[in-house]
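One structure is given here, and the rest of the page talks about it.
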Amino acid sequence: MKIQKFAAIIAVVLFSSFWMNSAIAQSNSESIILLNARLIDGNGDTPKENVSILIQDGIIKTISDTPISSKTTRVIDVAGKTVMPGLADMHIHITSSWDGDGFNLLGYKEQLNAMLYAGVTQIHQEIESGRLSGPQFLYLGPLVDGPDPNWPDISYSLASQTQASRIVNHLHKSGVHGVKAYGGLSSPEVRSLIHAAREVDLPVFVDLWVRIGAEHIITSGLRGLAHPPRRVTPEILTTMKQRDVYVMTTLSGYESILRFKERGLLDNPLIDSTIAPERLSRMRAVAGEDLTDGEKEEYGWRREFLDQMMDHIRQVHEAGIPVVAGTDGPTKGVFLGEGLHRELELLVEAGLTPLEAISAATRNGAMMMKAEDEWGTIEAGKRADLLVIDGRPDQTISDTRNIVTVIQAGRLIDRNDLKSRVIDSKDVHDFVPTEN
Ligand SMILES: [Zn+2]
């Protein structure tokens with residue numbers, strides 16, 4: 001099935017965990033004490049009340065039931081508010097964004113800001129060096145597909161198993177965090193890729209795409225599926241569980257245009273605070289147009305497909321297989337940053353509890369990357385990526401949208417600064433490629 005024609009244009013970097021880095025990176029993080037927090041730690045446990053958290057050197061040092069006091073440390077009283085881990089969007093395409101009538105391939109700066117603004121939080125390379133602000137990202141590089149790739153411009157083509165280790169070694173030297181195997185590969189080719197990737201300790205993520213019936217690939221040693229499985233049977237679920245396969249959710253990606261023409265969507269504060277006004281007005285114009293016949297048809301199959309995928313996510317989750325939140329954004333109707341909050345809502349609609357949905361967007365992503373010792377939960381020794389939320393996201397999942405404060409690696413993010421820089425930026429939408 002055609003997932004989205006737009007993906008052809010945008011998919012280059014495929015999967016990111018976003019923890020937000022400081023807007024303008026400060027070289028040293030200050031010590032911070034959060035007092036009187038309601039703590040959602042990301043492990044799915046009942047929130048704890050009146051918790052104090054000491055953050056030092058970018059790390060969560062102490063979590064205490066009794067107030068921590070210090071004369072020299074900055075103290076923030078968060079009484080009545082909820083503290084939860086920074087969010088991770090584990091399936092995105094960072095290179096461009098749909099802007100109403102085309103793709104803005106130079107829009108990554110805007111996207112990095114938008115994600116940080118919305119509480120998505122991690123950094124790497126350019127970002128870590130302080131030259132760029134934004135979340136850290138974990139990236140997969142080009143897709144590895146068969147001889148006739150689905151997205152030729154962004155794929156490496158593998159025509160023989162013998163090429164697997166050369167491609168994997170090349171990706172490894174490029175510094176990727178994993179390999180994405182695509183639906184045009186034969187099962188033996190996927191196995192060869194996984195074998196080669198294991199040699200250099202890289203996880204492989206598979207997009208089975210149209211290959212319904214290719215479920216035996218889940219026995220091949222892959223780390224995760226980039227989307228929910230298209231077919232679910234008790235046998236498939238048992239095998240996935242036994243093989244420790246993770247499943248990325250991408251429900252908001254499936255919803256996409258179903259949501260785009262919703263009245264008021266573009267006035268959402270996480271969207272209109274993070275997109276340049278000119279681009280937003282182009283989008284508004286498109287959103288206000290009547291549905292074309294093609295769109296009406298698409299609405300029909302997308303609704304049915306989304307319902308089916310939500311049911312599959314529910315079954316996967318109930319089978320004890322970890323689901324990992326990812327949006328597959330940005331596309332029409334999926335906005336980086338805001339989209340992850342929508343993903344959480346769809347996960348709850350699919351049958352997860354709010355706390356389970358939060359774990360899917362925090363702890364589970366870290367587990368999938370075998371980085372759970374470093375990030376993903378609020379526990380002593382972990383990196384201090386935290387959000388202060390006005391509300392009870394453990395009860396009402398959409399409360400995650402009410403972000404008061406973003407702390408990334410121990411740094412307080414200036415969200416107003418991010419907002420003004422997005423609005424001031426004139427250079428993010430100059431280049432609009434034609435679609436073919
Ligand atoms: Zn994708």
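Every number in this text was worked out from the coordinates using simple rules, so none of it is lab data. Here the structure is a predicted model, which means the values were calculated and not measured. Here the Cβ positions follow ideal geometry from the backbone for every residue, glycine too, while neighbour counts run over all protein chains shown.
Taking only the C-alpha atoms of the range 141-276, Rg followed by Dmax gives 17.3, 53 Å. Cβ crowding within 10 Å ranks THR219, THR46, THR233 as THR46, THR233, THR219, fewest other Cβ atoms first.
Among the listed pairs LYS61/LYS241; LYS180/LYS261; LYS48/LYS382; LYS180/LYS382; LYS71/LYS370, those with a Cα-Cα distance over 26 Å are LYS61/LYS241; LYS180/LYS261; LYS180/LYS382; LYS71/LYS370. Taking amide hydrogens as placed 1.01 Å from N in the peptide plane, the amide H of LEU412 sits under 5 Å from those of GLU30, each at least 5 positions away in sequence or on another chain.
For the pair ASP311 and GLN395, a Förster radius of 25 Å applied to the C-beta separation gives a FRET efficiency near 0.55, rounded to the nearest 0.05. Of the trypsin sites (Lys or Arg not before Pro) in the range 30-84, the ones in a loop by DSSP (not H, G, I, E or B) with at most 14 other beta carbons within 10 Å are LYS71.
Principal axis extents of the C-alpha atoms in the range 190-238 (largest first, rounded to whole Å): 33, 21, 15.
Each Lys and Arg contributes +1 and each Asp and Glu -1, all at the Cβ; summed about the Cα centre of the range 250-316, the dipole is approximately 220 debye.
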